[in-house]
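*Asks:* Could you have a look at this structure, given as structure tokens, before my questions?
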Amino acid sequence: MRMFAQAHQMPPRVAAGAFFLSSGLSKHNADRDTAQGLHGMAVGTYPFLRKQDPEVFTRLLSKAEIAMGVALLVPAVPSLLAGAALTGFAGGLLGLYLKTPGMRQESSLRPSPQGIQLAKDVWLLGIGLGLVLDELLHR
């Protein structure tokens, strides 16, 4: 495993990392209504989260997004590690898209107008897989 990101890996890492860092920071001081909305959507897809307090869930989500953003932005974090983490996180986000009613057009993977915000997370999955494959193929 290479110890530092390669120059060609940095543009997608910066794009995704800046997105995650911004998203995590915006949730850092979320109010109760925002926390309940985020938690409610997550519980619809991942019922095991029902036991989690909405505000605690949102704080943990904020910290996870900030950590993901920093891992992608810091070249010293190996791309295999950052890419694997991003792939897993993006898979969870796409689960919301696939399993939340109303996010897709009927009998299709194409997003509904409400689903576009979640459907765009496919690019995060692509970046994560690209980083992992780049590292595995260049060993």
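*Asks:* Restricting attention to the range 9-45, which residues are in contact (Cβ under 8 Å) with a residue 60 or more places away in the chain and either of a type outside the set (A, V, I, L, M, F, W, C) or outside any helix (DSSP H, G or I) (or both)?
*Replies:* Gln9, Pro12, Arg13
*Asks:* Any residue in the range 82-97 that's modelled with pLDDT under 95: show its pairings with residues that are aliphatic (A, V, I, L, M) and assigned to a helix (DSSP H, G or I) at Cβ separation under 6 Å, as long as the two are six or more apart or on different chains.
*Replies:* Listed pairs, sorted by first residue: Leu96/Leu118; Tyr97/Leu118; Tyr97/Ala119.
*Asks:* Which of (1) of a type outside the set (Ser, Thr, Tyr); (2) surrounded by 13 or more Cβ atoms within 10 Å (Cβ to Cβ); (3) at pLDDT 95 or above is the odd one out, the single condition Arg50 does not satisfy?
*Replies:* (2)
*Asks:* Looking at the range 73-100, which of its residues are of a type in the set (A, V, I, L, M), surrounded by 15 or more Cβ atoms within 10 Å (Cβ to Cβ) and under 29 Å from Gln36 (Cβ atoms)?
*Replies:* Within the range 73-100, Ala85, Leu86, Ala90, Leu93, Leu94, Leu96 qualify.
*Asks:* Restricting attention to the range 27-65, which residues are among the small types (Gly, Ala, Ser) and out of contact with any helix residue (DSSP H, G or I) (no Cβ under 8 Å at 6 or more places or on another chain)?
*Replies:* Of everything in the range 27-65, just one residue is among the small types (Gly, Ala, Ser) and out of contact with any helix residue (DSSP H, G or I) (no Cβ under 8 Å at 6 or more places or on another chain), namely Gly37.
*Asks:* Also: In the range 112-133, what count of residues is obtained for those that are β-branched (Val, Ile, Thr) and either over 23 Å from Gln9 (Cα atoms) or exposed (fewer than 14 other Cβ atoms within 10 Å of the Cβ) (or both)?
*Replies:* 1
*Asks:* Looking only at residues that are over 15 Å from Gly91 (Cβ atoms) and out of contact with any helix residue (DSSP H, G or I) (no Cβ under 7 Å at 6 or more places or on another chain) in the range 110-135, which one is modelled with the lowest pLDDT?
*Replies:* Gln117
The values are calculated or read from the model by the stated rules, or taken from the named source; none is laboratory data. Remember, predicted model here, so these are calculated numbers, not experimental data. No Cβ is skipped: glycine too gets one built from the backbone with ideal geometry, and neighbour counts run over all protein chains shown.
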